[in-house]
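The values are calculated or read from the model by the stated rules, or taken from the named source; none is laboratory data. Values in this document were obtained by computation on a predicted structure and should not be read as measured data. No Cβ is skipped: glycine too gets one built from the backbone with ideal geometry, and neighbour counts run over all protein chains shown.
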Amino acid sequence: MDFDLPEETRDLQDVVREFAAKEITPFAAQWSEDEHFPAEVFTKLGGLGLMGMLVPEAYGGAGSDTVSYVAVMEELGAADQSVASSWNAHSTIASLPLLAYGTEEQKQRWLAPLARGEAIGAFGLTEPQAGSDAAGITTTAKRADGGWVINGTKMFITNAGTEISQGVTLLAVTGSGADGGKRYATFYVPTGTAGYSCGRKIRKLGWHAMDTRELVFADCWVPDDHLIGEEGNGLRQFLSVLDKGRISVAALALSLAKASLALAVKHARERHQFGRPLTDFQAIGHKIADIGTEFEAARWMVYRAAWLADQGRPYSTAAAMAKLYASEAANRAASEAVQIHGGYGYVRESEISRFYADAKILEIGEGTNEIQRNVIARALVKQP
């Protein structure tokens, strides 16, 4: 059993770490304060071949494996969660439906520019009244004039309103089946399409530099060649790419725990009380030990899920477990790291305060942790 990452993956991780130290970390606090989406960073990530890591080279991507993707996320997320979460949404749920279900022409037209880093992608699922209940969406798409007319509202959508946004892949209800159940389909709606508009930027507790908006579709017509995959299978298509998304959010959580540990150790070494560094106090040492232990446990859960995916083996349960544990470990890590910083951790100028604010969403996004527990429980109950 070999726990070492492949040499080429370690080399890639080194490149990303150096890039993040130069292009992200020095500016992340100001981006957060200004709620500024750093479009230039994503263009540079494209130059490194990182905007299409999970996309084959034939469509402008790098054709990397999931383990390498997790390794890159460790470094991007430890530098800034807003950049990493935007990159994650682009790389997984915004790109993978096109890769898995798009026609050759659709892949060349929309996926390839995303993979090359010429633009950033978005995926529209969540609605004001439908989050965990994905089947409860009410956005509709009806056939008309050689295409489809889309009406509805999407909420909390990432990457749709930036200066480099290319469009949004969305899920809509197309009618009812013979059994009376809803039929769903996936569509691609390019930025600038008549009837498609973005609301103002949503102000969030964390992820301040990430673009998040409400999307409105009012008699938005798209031609037939904007239908992705088979009409009627949209929900199944979405669910089929969700497991990769769970691994990626687990990796994002892992990166936050990594940053929290590093910041806690740095502060504990430098801060003195009663004439001694904080590292001399057992209470502080125990907190650091707990953060480090949970980080290592989460790390191998995440990498195992990624490895299973790369081996073509079932990984849905492992992905749900990794997302559940890593996100909760990240929240505990950030909280304890703030405690170690004391008052300095509670001021917005401190780096740990930004990670603390970013942590909570990891238990909510890409399927709440309550949903993850449902997924895990169903899988375990079914086992012989």
>> Kindly evaluate residue 247 against the criterion of being buried (at least 22 other Cβ atoms within 10 Å of the Cβ) and either not β-branched (Val, Ile, Thr) or not assigned by TED's automatic domain parsing to the domain that holds residue 91 (or both).
In response: yes
> Mind checking whether some residue in the stretch 78-85 is surrounded by 24 or more Cβ atoms within 10 Å (Cβ to Cβ) and in contact with a strand residue (DSSP E or B) (Cβ under 8 Å, 6 or more places away or on another chain)?
Replying inline: yes
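Out of the residues in the stretch 223-244 meeting the condition of being hydrophobic (A, V, I, L, M, F, W, C) and part of a helix (DSSP H, G or I), tell me which one is surrounded by the most Cβ atoms within 10 Å (Cβ to Cβ).
Here is the first cut: in the stretch 223-244, the residues hydrophobic (A, V, I, L, M, F, W, C) are 227-228, 235, 238-239, 241-242.
Next, only the ones that are part of a helix (DSSP H, G or I) stay: 235, 238-239, 241-242.
Numbers: 235: 19, 238: 23, 239: 12, 241: 18, 242: 19.
That would be 238.
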>> Given the options 320, 283, name the one that is part of a helix (DSSP H, G or I) and touching a residue at least 24 places away in the same chain (Cβ under 8 Å).
In response: 320
>> I'd like to verify a number: residues in the stretch 95-138 that are charged (D, E, K, R), in contact (Cβ under 8 Å) with a residue 24 or more places away in the chain, over 19 Å from residue 217 (Cβ atoms) and not in a loop (DSSP other than H, G, I, E, B), how many?
In response: 3
> Only one residue in 78, 115 is of a type in the set (A, V, I, L, M, F, W, C), at pLDDT 95 or above and farther than 24 Å from residue 362 by Cβ, so which one is that?
Replying inline: 115
> Given 264, 209, 259, which one is among the small types (Gly, Ala, Ser), touching a Ser or Thr at 6+ places or on another chain (Cβ under 6 Å), closer than 29 Å to residue 34 by Cα and surrounded by 15 or more Cβ atoms within 10 Å (Cβ to Cβ)?
Replying inline: 209
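Table: residues versus (1) modelled with pLDDT under 95; (2) out of contact with any helix residue (DSSP H, G or I) (no Cβ under 7 Å at 6 or more places or on another chain).
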position	(1), (2)
190	no, yes
215	no, yes
219	no, yes
224	no, yes
237	yes, no
243	yes, no
253	no, no
259	no, no
266	no, yes
> Limited to the stretch 152-182, what total is found for residues that are at pLDDT 95 or above and farther than 17 Å from residue 126 by Cα?
Replying inline: 5
> For the stretch 269-286, does any single residue satisfy the condition of being acidic (Asp, Glu), modelled with pLDDT of 95 or more and out of contact with any Asp or Glu (no Cβ under 8 Å at 6 or more places or on another chain)?
Replying inline: yes
> Which residue out of 72, 149 is hydrophobic (A, V, I, L, M, F, W, C), in contact with a Lys or Arg (Cβ under 9 Å, 6 or more places away or on another chain) and either under 28 Å from residue 25 (Cβ atoms) or not assigned by TED's automatic domain parsing to the domain that holds residue 327 (or both)?
Replying inline: 149
> Looking at this structure, is residue 105 surrounded by fewer than 18 Cβ atoms within 10 Å (Cβ to Cβ), under 17 Å from residue 46 (Cβ atoms) and modelled with pLDDT of 95 or more?
Replying inline: no
